[in-house]
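Visitor: Following this message is one structure expressed as structure tokens.
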Amino acid sequence: MRTVLVIDDNPAVGTALDVLFGLRDIRTLVAISPDEGLAMLAKEDIDLVVQDMNFSSDTTSGEEGIELYRAIRRDYSDLPIILLTAWTRLETAVELIKAGAGDYISKPWDDNKLLATVENLLELSEATREVTRFRDERRRRRKQLDDKFDLRGIVFCSSAMERVVELACQVARADVSVLITGPNGAGKERIAEIVQANSTRANGPFLTVNCGALPSELIEAELFGADPGAYTGAPNRAREGRFEAADGGTLFLDEIGNLPLAGQMKLLRVLETGQFERLGSSKTRQVAVRVISATNSDLAAKIRDGSFREDLYYRLNVIELRLPALSERTDDILPLAEHFLQGRATLDSGARSALSAHAWPGNVRELKNAIDRASLLCSDGIITTRDLALGPARFSGGRMAPESEPDKGMIEAALLRARGVISQAASDLGLSRQALYRRMEKMGIES
């Protein structure tokens, strides 16, 4: 049951509010002094406090109420508090409202307005606690991951990224091929490092080949090696390929979608048998290499147009890890920015808002570039919006661009803001939120 603590030195006030709140199935606890109220807070699960501002006879300054308010705030920062008094100066109440108090109501109070305010603050408190529980649970799971696995220093706060990292750690020891998909600059190589670091091959070599950075005629030599004179311009000595160098470890093939068909056929054979031949050689070599591949391409479309082998796709894609774009995990933006700054500068509030609102088409790579540039251009070690020089924001007219998808943290923040606005409107009208919704529906106003 929802519980309200009333702290007032007049027992009649506690009795009246107990009766009033009981009409809404709200449990009421009453304390007649600040010390008694703080003691109840320490042992009871309180959802809202209604506190008087004066407790000593012939006192109207409100100093006692201010002290009580600050004492509650110190230990219960998210607990909603309603100030209830007949004598305190309005300026004092306004200052406490600015400091985070839920509302200020004068004695004698209006029952309907007080009930509406209490209902709205209880709903807002419930939503805030749910967000807090979610974040605490997320921090707990992150600590469990940190304690159990080697995360290679990866920085993330979003649920979307947590799922990818957790799955990467789970499949690491399975020694099967892993395909990492996602846009350029999102951090696919870092995920590959996490898979390798937590695998049975963690002590073996970890080599990377960017299949999109080499000419097609050199990719096979890079992967499988070549004997002297195997191709035009080849050196007069044997060349060891990456598969040989990675024997007993892990080979990360980035941009696997750019591998030519001839190389795809050889790669399929290595994945099936562990065997291959160098270019220009008939000697079969045997290796034990785990392959992790990555691409930003639509491999299904490449299979349809004949530029990628379907049988190779299924060999590579035993486990797929889809890495979301930075625009899909906005909770990661500011932690990553702080990580890239490394204490060289600080972000002002405008810069933080601009970072959160930007679309980041270049993902984490673009964010790092923007932070590095801004840290060099800023004055007095403070980065402003001007220093960032970002392009158009993700938001336009209060709506999100179609290509971006809100994560849970963004949705929660938006809902909390919306609930706050609705709650205030209902309170001003002396209605509960449900009653306000009904009125809006009757008047044809969308909620």
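The values are calculated or read from the model by the stated rules, or taken from the named source; none is laboratory data. In this text, all values refer to a predicted model and were calculated from it rather than measured experimentally. For neighbour counting, all protein chains shown are included, and Cβ atoms are generated from backbone atoms with ideal geometry for every residue, glycine included. Accessible surface areas use protein heavy atoms only, side chains included; no ligands, DNA or RNA. Shrake-Rupley method; radii C 1.70, N 1.55, O 1.52, S 1.80 Å.
Visitor: Taking segment 311-339 as the region of interest, how many residues are farther than 30 Å from Asn369 by Cα and outside any strand (DSSP E or B)?
Guide: Number satisfying all stated conditions: 8.
Visitor: Cβ contacts < 6 Å: first residue part of a helix (DSSP H, G or I), restricted to segment 25-42; second residue buried (at least 17 other Cβ atoms within 10 Å of the Cβ) and among the aliphatic types (A, V, I, L, M), any location; separation 6+ or different chain. Result?
Guide: From residues that are part of a helix (DSSP H, G or I), the pairs are Pro34/Leu68; Gly37/Ile7; Gly37/Ala31; Met40/Leu5; Met40/Leu29; Met40/Ala31.
Visitor: Another question about this same structure. Among the listed residues Glu67, Glu63, Glu44, identify the single one that is of a type in the set (Asp, Glu) and more than 40 Å from the chain's Cα centre (by Cα).
Guide: Being of a type in the set (Asp, Glu) and more than 40 Å from the chain's Cα centre (by Cα) holds for just one of Glu67, Glu63, Glu44, which is Glu63.
Visitor: Condition test on Asn184, is it over 20 Å from Gly274 (Cβ atoms) and either touching a strand residue (DSSP E or B) at 6+ places or on another chain (Cβ under 8 Å) or part of a loop (DSSP other than H, G, I, E, B) (or both)?
Guide: Taking the combined requirement at face value, the residue satisfies it.
Visitor: Among the residues of segment 43-58, what is the count of those that are in a loop (DSSP other than H, G, I, E, B) and open to solvent by less than 40 Å² (accessible area, probe 1.4 Å)? Spell out how you get there, then give the answer.
Guide: First, pick out the residues of segment 43-58 that are in a loop (DSSP other than H, G, I, E, B): 44-47, 52-58.
Keeping just the survivors that are open to solvent by less than 40 Å² (accessible area, probe 1.4 Å) gives 46-47, 52-55.
Going through segment 43-58 one residue at a time, the tally reaches 6.
Visitor: On to the next question. For a quick check of your reading of the model, give me the residue pairs whose first member lies in segment 366-381 and is touching a residue at least 60 places away in the same chain (Cβ under 8 Å), whose second is assigned to a loop (DSSP other than H, G, I, E, B), with beta-carbon atoms closer than 9 Å and at least 6 apart or on different chains.
Guide: Short answer, once both residue conditions are applied: Glu366/Gly185; Glu366/Trp360.
Visitor: Which condition number in (1) in contact with a strand residue (DSSP E or B) (Cβ under 9 Å, 6 or more places away or on another chain); (2) open to solvent by less than 40 Å² (accessible area, probe 1.4 Å) is the one that Gly212 fails?
Guide: (2)
Visitor: Give the residue, chosen from Val364, Val289, that is more than 17 Å from the chain's Cα centre (by Cα) and not acidic (Asp, Glu).
Guide: Testing whether each residue is more than 17 Å from the chain's Cα centre (by Cα) and not acidic (Asp, Glu) leaves just Val289.
Visitor: Look at segment 133-181 and say how many of its residues are farther than 18 Å from Leu336 by Cα and in contact (Cβ under 8 Å) with a residue 60 or more places away in the chain.
Guide: Total satisfying the criteria: 12.
Visitor: Then there's this: Restricting attention to segment 279-305, report how many residues are over 19 Å from Cys211 (Cα atoms) and in a loop (DSSP other than H, G, I, E, B).
Guide: Residues flagged as over 19 Å from Cys211 (Cα atoms) and in a loop (DSSP other than H, G, I, E, B) within segment 279-305 amount to 7.
Visitor: Inside segment 327-344, can you point out the residues that are open to solvent by less than 10 Å² (accessible area, probe 1.4 Å) and in contact with a strand residue (DSSP E or B) (Cβ under 9 Å, 6 or more places away or on another chain)?
Guide: Across segment 327-344, the qualifying residues are Ile333, Ala337, Leu341.
Visitor: Only one residue in Phe243, Phe276, Phe252, Phe308 is part of a strand (DSSP E or B), more than 17 Å from Val195 (Cβ to Cβ) and open to solvent by less than 40 Å² (accessible area, probe 1.4 Å), so which one is that?
Guide: Answer to the check: Phe276.
Visitor: So, one more: If you take the residues of segment 323-350 that are in contact (Cβ under 8 Å) with a residue 12 or more places away in the chain and among the hydroxyl-bearing types (Ser, Thr, Tyr), which of them is nearest to Leu388 (Cα to Cα)?
Guide: Step one: of segment 323-350, the residues in contact (Cβ under 8 Å) with a residue 12 or more places away in the chain are 323-337, 339-341, 344-348, 350.
Subset that is among the hydroxyl-bearing types (Ser, Thr, Tyr): 327, 330, 346.
Values: Ser327: 17, Thr330: 17, Thr346: 12 Å.
By that ranking, first place goes to Thr346.
Visitor: Sticking with this one: Among the numbered criteria (1) within 19 Å of Leu121 (Cα to Cα); (2) open to solvent by 70 Å² or more (accessible area, probe 1.4 Å); (3) modelled with pLDDT under 85, which single criterion is violated by Leu96?
Guide: (2)
So that you can scan it fast, the table gives a plain yes or no per residue for (1) open to solvent by 20 Å² or more (accessible area, probe 1.4 Å); (2) small (Gly, Ala, Ser); (3) under 18 Å from Cys157 (Cα atoms):
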| position | (1), (2), (3) |
| --- | --- |
| Gly350 | yes, yes, no |
| Ala374 | no, yes, no |
| Ile382 | yes, no, no |
| Thr385 | yes, no, no |
| Leu388 | no, no, no |
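Visitor: Let me ask another. Give me the residue from segment 255-268 that is open to solvent by 10 Å² or more (accessible area, probe 1.4 Å) and over 30 Å from the mean Cα position of the chain (by Cα) and, out of that set, farthest from Gln286 (Cα to Cα).
Guide: Asn258
Visitor: Among the listed residues Glu119, Glu123, identify the single one that is in a helix (DSSP H, G or I), touching a Ser or Thr at 6+ places or on another chain (Cβ under 6 Å) and surrounded by 17 or more Cβ atoms within 10 Å (Cβ to Cβ).
Guide: When all the criteria are applied, what remains is Glu119.
Visitor: Restricted to segment 280-305, and to residues that are among the small types (Gly, Ala, Ser) and out of contact with any helix residue (DSSP H, G or I) (no Cβ under 7 Å at 6 or more places or on another chain), which residue is most open to solvent (accessible area, probe 1.4 Å)?
Guide: Once the filter is applied, the top-ranked residue is Ser282.
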